[in-house]
Structure formats: C-alpha cells, structure tokens
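Where a number appears in this text, it was derived from the coordinates with a stated rule and is not lab data. All figures in this text were calculated on a predicted structure; none of them were measured in a lab. Here the Cβ is made from the backbone with ideal geometry for all residues, glycine too, and neighbour counts use every protein chain on show.
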Amino acid sequence: QVQFVESGGGLVQPGGSLRLSCAASVRAFSIYGMGWYRQAPAQQRELVASITGGGSVNYADSVKGRFTISRDNSKNTVYLQMNSLKPEDTAVYYCNFRPAINTYWGQGTQVTVSS
C-alpha cells in the first residue's frame, strides 16, 4: 500500500531554514517522479518542487534559489531543504508522486514562518 509520511515542519523566523522529509512506502520508489506540494489557508494546493527518478529537478518560481529538493532512493525518502524562508512560505507541505495521485495525499507537515 502506498503511503507518504511528511515530517520536519515547524515554526521558524523569516530568513530561517527547515529541512522536510518524506518517507515513502512505495515499491520501486526510484523509478517514480516525486514532488513537494504546499497549501496555504484558503488557497489551492500548488507544486513547489519536483524530482524525476533520474534526479532532474524543477522548482516553482516563488522558491527558486531558496529551496532544494533531493532524494535518497536507498531510504525511499525525499527531502526539501528550505532556506531564506518568508512569511508567504507558510503552508502545509505534502509530498506525492509527480504528477500527484489524489488517493495518496498524507497528513502533511505544517511550516509557519513568523517573527
């Protein structure tokens, strides 16, 4: 059964950093593209960053240069390193396949950027 478990969120001041992790219960994890998504209050969920099975990455313009997505296929884990955080990065962050499959949304991890 496919399952994604996100962790690493928290409260951080503007300019701070966080590293999110996503543990994936997925067979043949390495062949799948993965994405980090976020949803702020009263807004639609959006794709923040994605990484292919081969390691090619892509970022939303709003996070380019500040966020870094990576994966460790030996651990079935995807990471999101977030630097220079801004209040507008406040959201619940989720991981899922890229493209996402609605059935597999997890609980997400809350990131709050505030002074």
Assign one of three labels to the chain, namely rounded, prolate or oblate, based on the Cα gyration tensor with a ≥ b ≥ c the square roots of its eigenvalues; rounded applies when a/c is under 1.5, prolate when it is not and a/b is larger than b/c, and oblate otherwise. prolate
In terms of the alpha carbon gyration tensor, root eigenvalues a ≥ b ≥ c, rounded if a/c is under 1.5 and otherwise prolate when a/b exceeds b/c or oblate, the stretch 64-111 is oblate
Distance in nm between E88 and W105 label points, each 7 Å along Cα→Cβ, equals 2.3 nm
